[in-house]
Amino acid sequence: MNITIIGSGNVATHMAAAFKNAGHRIVQVYSRNMQHAALLAYHVGAEAIDNLANINPDTGLFVVSVKDDAITTVVKALSAHKKLIVHTSGSTDLNSLLALTPNAGVFYPLQTFSKIREVDFRSVPLCLEAADDAILADLKQLAFTISNNVYTVNSAQRKILHLAAVFACNFPNYLYGIAQELLAQNQMEFNMLRPLILETAQKVLEQEPRNVQTGPAVRNDEGTMATHLQLLSDMPMLQDIYSLLSQGIIKNNKGLTADQ
């Protein structure tokens, strides 16, 4: 398939590579920053452009992977070509595209991407939605060329999925950063926590998260929690975070005990 990538960020970079590795042709890579477009285009054998007026019509699919607030502006410009357009957003409703073109769909990869780290795209869940069954069938066929995990997910479900992903990925990573700062302030290395992080992640791959919760909050160890809050006395925002999360764990554990 001939594909044009709109965007040059983390998602666009990994998706373009996955398409190329699957044998598809990347026609062009667009970015407002020509240097960014050129770098990605070089790696996937495409033409780099920084102006949507220079779009090559020799494409069957536009993959729009830009910031959510720029999607409709970009799609409006691309709709004149009357080609299939999909976005890769977790939170943008399909209707925002359908208001501009009937040839629309969603091609959302549920994964965290960084340009500096390779990802096995065959394992990445791809969540699809389309304007009609024919487009959905085409997107499924395309999706299975780059991933073994393909799902049909409507816009309402995808928004919840994206929210869940923020809780499962973005928030824990932020907490890792807090932990790293606390250790650094006391001349200790983050490497000390990495085995703990790996074991925690491994447990939730095998069991329900509620069933493997540990720590002072699940034990309702008020003395330890009070000590931790005292250690955070000069960091009120972290105290609030600690208290809210601890209260959530305590409430969750009470509900689990009641269920049992």
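The values are calculated or read from the model by the stated rules, or taken from the named source; none is laboratory data. On a predicted model such as this, the values are computed, not experimentally measured, just so you know. Every residue, glycine as well, gets a Cβ built from its backbone with ideal geometry; the counts of neighbours run over all protein chains shown.
Residues are listed down the side, and each one gets a yes or a no for (1) among the charged types (D, E, K, R); (2) over 21 Å from the mean Cα position of the chain (by Cα); (3) closer than 27 Å to Leu126 by Cα:
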residue	(1), (2), (3)
Asp138	yes, yes, yes
Lys159	yes, no, yes
Asn173	no, no, yes
Met188	no, yes, no
Glu199	yes, yes, yes
Ala217	no, yes, no
Met225	no, yes, no
Worksheet item: Which residues, counting only those in segment 48-68, are more than 27 Å from Asn170 (Cα to Cα) and in a helix (DSSP H, G or I)?
Response: Leu52, Ala53, Asn54
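So is Ile71 crowded, with 16+ Cβ neighbours inside 10 Å and assigned to a helix (DSSP H, G or I) or not? Steps first, please.
Values: crowded, with 16+ Cβ neighbours inside 10 Å: yes; assigned to a helix (DSSP H, G or I): yes.
Criteria met by Ile71.
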Discussion item. Between a residue in segment 83-101 that is on the phi > 0 side of the Ramachandran plot and any residue that is at pLDDT 95 or above and assigned to a loop (DSSP other than H, G, I, E, B), which pairs come within a Cβ distance under 9 Å, given they are 6 or more apart or on different chains?
Written reply: none
Item to complete: List every residue pair whose Cβ atoms lie under 9 Å apart, where the two residues are 6 or more positions apart in sequence or sit on different chains, the first residue falls within segment 175-199 and is farther than 17 Å from His228 by Cβ, and the second residue, located anywhere, is surrounded by fewer than 10 Cβ atoms within 10 Å (Cβ to Cβ) and of a type outside the set (A, V, I, L, M, F, W, C).
Response: none
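Considering segment 217-260 alone, what residues qualify as being modelled with pLDDT under 90 and part of a loop (DSSP other than H, G, I, E, B)?
Passing the criteria: only Gln260.
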Worksheet item: Which condition number does Ile55 fail, the rest of (1) in contact (Cβ under 8 Å) with a residue 40 or more places away in the chain; (2) under 26 Å from Asp120 (Cβ atoms) being met?
Response: (2)
